[in-house]
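Novice: Just dropping this structure here.
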Amino acid sequence: MVAKQGLRLLHTSDWHLGNTIGDKDRSHEFKAFLDWMRAQIVDNAVDVLIIAGDVFDVSSPGSKIQGLYYRFLASLQGTCCHDVVVVAGNHDSPSLLDAPKEVLSALQVHVVGAIDRENLGKEVFVIRDETETPLGIICAVPYLREGDLRFAAPGETDRDVQKLVVEGTRAHYRRVVDLALEERARLNAPLIPIIATGHLFAAGVSHGDDDGMRAVVGNLGLIEASAFPEELAYVALGHIHRAQCVSKRDDIRYSGSPFLMGFDEIGQKRLVHLVDFEPGKACSVKDIDVPSWQAFVRIQGDLKAIRNRIQELKLAGSTAFVEIIYNGAEKVGNLNSQLMSDLQEASFVVVRTRNNGAIQEGVLLDEYVQDLSEFTEEEILKRVFDKNNVGEAQRTVLLEAFREIVRAVNETDEG
């Protein structure tokens, strides 16, 4: 266990519980990670756990996935971790996260799904030790939706979206941090740190191997480090799946996702951040590597190269999730049937095949046309991604935008 003085927190985000890769269940990964997280909290004497958004992958997760989340929170009772702070990300349903917040608050689990525009003080939590001595203050800021930003920056015009996002975000953090400063003065504890959460796109960060997210969103709404008030000792961010600092600032960080979210992310390290705050000193951050509980393998090349790699995986008894990409010079019209015999008795799972040498006839590349009524709208969109070789990073952004539109439409219909 690392020695500590003062507050110690563990910063994580983007769990995406319930995520599937090619419809393959990942529950074993989620459970293993949560068990590992509890062990890290105990072994490192963590005072407070921060989950900076996207707890779930979809707005309506199944009961099994919700059960994993709530059992994990309950398992922290009686440990050194006396507080947990959970904020909603853009994938989360604010109402679903907020629903049990009163019950969870009795367990020192502080949840902010949606902001309360009439009382921003509900985003401010004091962290105390066993003797009720204050150790720090958390400004629990969730993913800020358009209505929140317009409330924070009411003078911005509808047409200037870039200015709305930037100025609305800046104004919201300023107001919440001012409330935290007032609370710190009331406590007469000038040296305790003020820490903020966030779920947003920051400027000057890397999104993935091909920077697919940047290609989609451009510079729209990117938040500069200067948007966060200087009184903050640390900013725990979520939304970007790659762990990194913002503008080379050690005190403003993304923890990244603890899980690999697509084959484009193969090779990226998975981390959580252990952050120490000693009175009167800058925070210190230690990275903890997250183990992998599921191997991912991408096979690409011509048919000979693909077949050789398949045999290697079979001989090794691999249980990996596998993506196969054919990019040979020869045109191949039916990749799946070509590889059918090679894949017999394989212990690994082929999640997706991409045939970059397919003979394109008609609108679809499928070997047969299926009735679209058999599919959900999201499944149809994913098939379009497959047929156009859309990268994992771009898939993430486009699916997020699609789901946001669907949620907005549903909310309008319900109203």
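Novice: Anything in the stretch 98-124 that is β-branched (Val, Ile, Thr) and in a helix (DSSP H, G or I)? List them, or say none.
Specialist: Once the filter is applied, which keeps residues that are β-branched (Val, Ile, Thr) and in a helix (DSSP H, G or I), the stretch 98-124 yields only VAL103.
Novice: Can you say whether LEU96 is surrounded by fewer than 18 Cβ atoms within 10 Å (Cβ to Cβ) and under 20 Å from GLY238 (Cα atoms), as far as the supplied structure shows? So that I can check it myself, show each step before the final result.
Specialist: Details: surrounded by fewer than 18 Cβ atoms within 10 Å (Cβ to Cβ): yes; under 20 Å from GLY238 (Cα atoms): yes.
Answer is yes for this residue.
Novice: What are the pairs, 6+ residues apart or on separate chains, where a residue within the stretch 328-347 that is in the same structural domain as LYS314 (by TED's automatic domain parsing) has its Cβ under 7 Å from a residue that is part of a loop (DSSP other than H, G, I, E, B) and among the aliphatic types (A, V, I, L, M)?
Specialist: LYS331/ILE359; VAL332/ALA358; GLY333/ALA358; GLY333/ILE359; GLN338/VAL332
Novice: Quick one: in the stretch 346-363, of everything that is farther than 18 Å from GLU312 by Cα and of a type in the set (Gly, Ala, Ser), which residue is modelled with the highest pLDDT?
Specialist: GLY357
Novice: Would you mind finding the one in ALA202, ALA153, ALA196 that is in the same structural domain as LEU232 (by TED's automatic domain parsing) and farther than 25 Å from GLN244 by Cα?
Specialist: Result: ALA153 is the single residue among ALA202, ALA153, ALA196 that is in the same structural domain as LEU232 (by TED's automatic domain parsing) and farther than 25 Å from GLN244 by Cα.
Novice: Restricting attention to the stretch 366-374, does a residue exist that is modelled with pLDDT of 50 or more and not basic (Lys, Arg)?
Specialist: no
Novice: Oh, and also: Scan SER257, SER284 and give me the residue that is of a type in the set (S, T, N, Q), at pLDDT 95 or above and either buried (at least 16 other Cβ atoms within 10 Å of the Cβ) or not assigned by TED's automatic domain parsing to the domain that holds ARG38 (or both).
Specialist: Working: SER284 fails: either buried (at least 16 other Cβ atoms within 10 Å of the Cβ) or not assigned by TED's automatic domain parsing to the domain that holds ARG38 (or both).
After ruling out the rest, the residue left standing is SER257.
Novice: May I ask you to say which residue of PRO291, PRO229 is touching a Phe, Trp or Tyr at 6+ places or on another chain (Cβ under 7 Å), loosely packed, with under 15 Cβ neighbours inside 10 Å, at pLDDT 95 or above and not in a helix (DSSP H, G or I)?
Specialist: Going through PRO291, PRO229 in turn, just one is touching a Phe, Trp or Tyr at 6+ places or on another chain (Cβ under 7 Å), loosely packed, with under 15 Cβ neighbours inside 10 Å, at pLDDT 95 or above and not in a helix (DSSP H, G or I): PRO291.
Novice: Right, here's the next one. Of the conditions (1) in a loop (DSSP other than H, G, I, E, B); (2) surrounded by fewer than 17 Cβ atoms within 10 Å (Cβ to Cβ); (3) outside the structural domain of ASP43 (by TED's automatic domain parsing), SER318 satisfies every one except a single condition; which number is it?
Specialist: Just one mismatch for SER318, condition (2).
Novice: Counting just the residues of the stretch 125-144 that are charged (D, E, K, R) and in contact (Cβ under 8 Å) with a residue 40 or more places away in the chain, which one comes out nearest to ALA236 (Cα to Cα)?
Specialist: Top of the filtered list is ARG128.
Novice: Before we move on, is ASP98 among the acidic types (Asp, Glu) and closer than 24 Å to TYR70 by Cα? Break it down stepwise before answering.
Specialist: Values: among the acidic types (Asp, Glu): yes; closer than 24 Å to TYR70 by Cα: yes.
It is true that ASP98 is among the acidic types (Asp, Glu) and closer than 24 Å to TYR70 by Cα.
Novice: Against the conditions (1) at pLDDT below 95; (2) in contact with a His (Cβ under 7 Å, 6 or more places away or on another chain); (3) under 29 Å from ALA320 (Cβ atoms), where does GLY22 fall short? Just the number, please.
Specialist: (2)
Novice: Could you pull out the residue among VAL58, VAL46, VAL87 that is in contact (Cβ under 8 Å) with a residue 60 or more places away in the chain and in contact with a Cys (Cβ under 6 Å, 6 or more places away or on another chain)?
Specialist: Selected residue: VAL46, the only one of VAL58, VAL46, VAL87 that is in contact (Cβ under 8 Å) with a residue 60 or more places away in the chain and in contact with a Cys (Cβ under 6 Å, 6 or more places away or on another chain).
Novice: Consider LEU179 carefully, then state whether it is over 25 Å from ASP14 (Cβ atoms), hydrophobic (A, V, I, L, M, F, W, C), in contact with a Leu (Cβ under 7 Å, 6 or more places away or on another chain) and surrounded by fewer than 21 Cβ atoms within 10 Å (Cβ to Cβ).
Specialist: So LEU179 passes the test.
Novice: Considering only the stretch 24-43, state which residues are within 30 Å of THR133 (Cα to Cα) and either within 14 Å of the chain's Cα centre (by Cα) or touching a residue at least 24 places away in the same chain (Cβ under 8 Å) (or both). Give the steps one after another, and end with the answer.
Specialist: Narrowing the stretch 24-43 to residues within 30 Å of THR133 (Cα to Cα): 34-43.
If the condition is that a residue be within 30 Å of THR133 (Cα to Cα) and either within 14 Å of the chain's Cα centre (by Cα) or touching a residue at least 24 places away in the same chain (Cβ under 8 Å) (or both), then LEU34, TRP36, MET37, ARG38, GLN40, ILE41, VAL42, ASP43 are the ones that fit.
Novice: When the stretch 24-35 is examined, which residues are found to be closer than 22 Å to VAL85 by Cα and surrounded by fewer than 21 Cβ atoms within 10 Å (Cβ to Cβ)?
Specialist: Matches in the stretch 24-35: LYS31, ALA32, LEU34, ASP35.
Novice: Restricting attention to the stretch 1-23, which residues are surrounded by fewer than 19 Cβ atoms within 10 Å (Cβ to Cβ) and over 19 Å from the mean Cα position of the chain (by Cα)?
Specialist: MET1, VAL2, ALA3, LYS4, GLN5, GLY6
Novice: Restricting attention to the stretch 25-50, report how many residues are touching a His at 6+ places or on another chain (Cβ under 7 Å) and in a strand (DSSP E or B).
Specialist: Of the stretch 25-50, the ones touching a His at 6+ places or on another chain (Cβ under 7 Å) are 47, 50.
Pick out the ones that are also in a strand (DSSP E or B) and you get 50.
Of the residues in that region, 1 qualify.
Novice: Continuing with the same structure: Considering only residues that are more than 17 Å from ILE138 (Cβ to Cβ), in a loop (DSSP other than H, G, I, E, B) and touching a helix residue (DSSP H, G or I) at 6+ places or on another chain (Cβ under 7 Å), which ones fall in the stretch 68-79?
Specialist: Once the filter is applied, which keeps residues that are more than 17 Å from ILE138 (Cβ to Cβ), in a loop (DSSP other than H, G, I, E, B) and touching a helix residue (DSSP H, G or I) at 6+ places or on another chain (Cβ under 7 Å), the stretch 68-79 yields only THR79.
Novice: Filter the stretch 259-284 for residues that are part of a loop (DSSP other than H, G, I, E, B) and either among the basic types (Lys, Arg) or under 25 Å from ILE299 (Cβ atoms) (or both) and give the result.
Specialist: PHE259, LEU260, MET261, GLY262, ILE266, GLY267, GLN268, LYS269, ARG270, LYS281
Novice: Against the conditions (1) of a type outside the set (D, E, K, R); (2) more than 30 Å from ARG253 (Cα to Cα); (3) buried (at least 16 other Cβ atoms within 10 Å of the Cβ), where does HIS273 fall short? Just the number, please.
Specialist: (2)
The values are calculated or read from the model by the stated rules, or taken from the named source; none is laboratory data. Note that the structure is a prediction, hence the values are computed from the model and not measured. FYI the Cβ positions are ideal-geometry reconstructions off the backbone, even for glycines, and counts take in every protein chain you see.
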